[in-house]
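**Q** There's a structure below that I have some questions on.
Derivation of every value follows stated rules applied to the coordinates shown; laboratory data play no part. What you are looking at is a predicted structure, and each value in this text was computed from that prediction instead of being measured. Using ideal geometry, Cβ is built from the backbone for each residue, glycine included, and neighbour counts are taken over all protein chains shown.
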Amino acid sequence: MHYVYLIRSQSDPEQIYVGATFDLKQRLSDHNDGKSLHTSKYTPWKLVCYVAVQDKYRAMELEKYLKSHSGRAFVAKHLW
């Protein structure tokens, strides 16, 4: 399975991050350990939600959409 996930910074709740991975537990740990350049300055992170997708390419397309302007609007309206 591949996972598309949303995390929110606990130190700065305005910061959200959308990502995709095949190992969600390890990826969240990496974010909280500062191993991701983009998210390291806003640790710790908390998982808000995720979607499990069987196809890697569909997961990548969903991640791309959620990072777009309309995808961010969808997240703000339906997931927060």
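**Q** Just checking, does the range 23-31 include any residue being charged (D, E, K, R) and surrounded by fewer than 13 Cβ atoms within 10 Å (Cβ to Cβ)?
**A** yes
**Q** Take residue 52 and decide whether it is farther than 17 Å from residue 9 by Cβ and either part of a helix (DSSP H, G or I) or touching a His at 6+ places or on another chain (Cβ under 6 Å) (or both).
**A** Taking the combined requirement at face value, the residue does not satisfy it.
**Q** Hey, residue 77 hits all of (1) charged (D, E, K, R); (2) touching a residue at least 12 places away in the same chain (Cβ under 8 Å); (3) in a helix (DSSP H, G or I) but one; which does it fall short on?
**A** (2)
**Q** Quick check on my filter: what residues within the range 32-45 are touching a residue at least 12 places away in the same chain (Cβ under 8 Å) and exposed (fewer than 12 other Cβ atoms within 10 Å of the Cβ)?
**A** Passing the criteria: only 38.
**Q** Going through the range 13-47 one residue at a time, which ones are in a loop (DSSP other than H, G, I, E, B) and hydrophobic (A, V, I, L, M, F, W, C)?
**A** Scanning the range 13-47 gives 22, 37.
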